[in-house]
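**Student:** What follows is a single structure, and I will ask about it in a moment.
Each value in this text was obtained by applying a stated rule to the coordinates, not by laboratory testing. These numbers come from a predicted model, not from an experiment. Note that we place each Cβ from the backbone using ideal geometry, even for glycine, and neighbour counts take in every protein chain shown.
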Amino acid sequence: MKAAAFFLVYLLLIQFYLPYLAPSWVIYEHRLDYDLVKDRPTNMEAVLEQVRLIIKREQFTEYVIILGDSVAYSNPGPANESITSRLNEIWLQEGVGYPVFNLAMPAMQLGDVYTMLLKMQRHGISSDRLIINITYAGFIERDPEPPAVYWLVEQLKYLDNAAYEKIEPILPDYAKIDDISITDLDSVKKRLNTLLYENFCILKYKDIFQRLYTKKTGRGKKPYDTSPPPVQPWHTKAFLPELLQQPEYQRDFNVTPFVMDDSNPQYYFLEKIMEIQQGKNTLVFLSGINDRLMEKNISKPGYQENLSRIDEYFIGKDAIYINMYYLIDNEFFSDHIHLTADGYNLLSGILLEEIKKWR
């Protein structure tokens, strides 16, 4: 009996103290560790927990959260060349702006952004100052790819089941979440696995401590690369023009008129996000396109009309909106949409000018 009581106390101590023992930089340094979260999306719980602990430790009362896809994340460059790194550098050295936390993730859809806002609420992380990036491709009809919620569909179902049910018919079969039934052991196991990995610290931090071991020793499944090669501009990549003619890339430039109502998941989740952000400081930027590389696509009348539909959506919205098309010269692109280090530096400057208005 005493042994059982001791074991229970031991588990409770681990549950309470383990988050404080985990070095934050293992999972979050300028931005979340994509490799860690993509392999197990439930690790997002540990990311949010560590960000909350940083905010508490540093006694931040005002800060900015960035959500979005690979552009907001600042792919393909390293974390120390991300927009977050640059904005924090300016804040620390010049006292301009706010401390910034980047919770964006490559391939993140607006359904994921909405779910992240719900999860932030549960963790006590404020969205009073929020930056989100959106893309033209996000408004294109799903067929059913890409899923309207890419990473956090299971979390959406249990945080806002009505929203999940709204988009469930257009999700690919593999992304749909079955209702839990005691007669369906697979659904029970799947939900139980998520609950354990999101709430039980030994499992929640399992991958984090494995990553710490790998980074410290260079051993493990994937050695930590401390010196990634510099990002090259698009014009040095002779393969790009042909690659971008492939259907999976051309799909992102579809000129079918956008349907701007709740039947479009991009519109639907934008409305949900705007509802949460009512009365708060929100900046939404439409990621630009390399206008030289993709000139034939973006110069089509249908494409320009769709851009206008996006612009018109934000008229009267309680948010700052920036259409980034043509604001960053094509020489600062690494491909059709992502930027080089200098490009992200320019993007940071544009965002900073708007952030200043929040003072």
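**Student:** Pop out the ³J(HN,Hα) list for the stretch 335-347 in order, Karplus 6.51 cos²θ - 1.76 cosθ + 1.60 with θ = phi - 60°, rounded to Hz; leave Gly and Pro as x.
**Tutor:** With coefficients 6.51, -1.76 and 1.60, one gets 7, 7, 9, 7, 10, 7, 4, 5, x, 5, 5, 5, 4 Hz.
**Student:** What angle, in degrees between 0 and 90 and rounded to the nearest 10, separates the Cα long axis of helix 44-58 from the longest principal axis of the Cα atoms of the chain?
**Tutor:** 90 degrees
**Student:** Determine how many Å³ per residue the convex hull of the Cα atoms of the chain encloses.
**Tutor:** 165 Å³
**Student:** Among the lysines, select those whose C-alpha is under 23 Å from the C-alpha of Lys216, and discard any that sit fewer than 8 residues away in the same chain.
**Tutor:** Cα-Cα hits under 23 Å: Lys38, Lys204, Lys206.
**Student:** Let me ask you something else. Could you run the Karplus curve 6.51 cos²θ - 1.76 cosθ + 1.60 with θ = phi - 60° over the stretch 69-80 and give me ³J(HN,Hα) per residue in whole Hz, x for Gly and Pro?
**Tutor:** Going residue by residue, I get 9, 5, 6, 5, 5, 6, 5, x, x, x, 4, 6 Hz, with x marking Gly and Pro.
**Student:** Related question: Give the Rg/Rh ratio for the stretch 93-178, taking Rg as the radius of gyration of the Cα atoms and Rh as the Kirkwood radius, to two decimals.
**Tutor:** 1.04
**Student:** Normalised by the number of residues in the stretch 2-358, what is the relative contact order in percent for Cα pairs under 8 Å and 6+ residues apart?
**Tutor:** Taking the mean separation of contacting Cα pairs over the length of the stretch 2-358, I get 22 percent.
**Student:** Let me ask you something else. Among Lys56/Lys215; Lys157/Lys190; Lys272/Lys300; Lys56/Lys190; Lys56/Lys189, which pairs are too far apart, with a Cα-Cα distance over 24 Å?
**Tutor:** As for pairs spanning more than 24 Å Cα to Cα, those are Lys56/Lys215; Lys272/Lys300; Lys56/Lys190; Lys56/Lys189.
**Student:** Can you pull the one-decimal nm distance between simple spin-label points at Asp39 and Arg359, each 7 Å off the Cα toward Cβ?
**Tutor:** Using points 7 Å along Cα→Cβ, the separation is 4.3 nm.
**Student:** Also, I was wondering about something else. For the chain, what does -39500 (n - 2.57) per DSSP helix run (n ≥ 4), summed and divided by total residues, give at 222 nm, in deg cm²/dmol to the nearest 500?
**Tutor:** -13500 deg cm²/dmol
**Student:** I would also like to ask the following. Pick from Met116, Met274, Met108 the residue whose mean-square fluctuation is largest in a GNM of the chain, springs joining Cα atoms under 10 Å.
**Tutor:** Met274
**Student:** Please list, ordered by chain and number, the residues whose modelled amide H lies under 5 Å from the amide H of Leu286; skip anything fewer than 5 residues away on the same chain.
**Tutor:** For Leu286, the qualifying residues are Ile134, Ile322, Asn323, Met324.
**Student:** Could you tell me which of rounded, prolate or oblate describes the stretch 253-307, using a ≥ b ≥ c as the square roots of the eigenvalues of the alpha-carbon gyration tensor, with rounded for a/c under 1.5 and, failing that, prolate when a/b is larger than b/c and oblate otherwise?
**Tutor:** oblate
**Student:** What's the exposure ranking of Val37, Val96, going from fewest to most Cβ atoms within 10 Å?
**Tutor:** Exposure proxy ranking, most exposed first: Val96, Val37.
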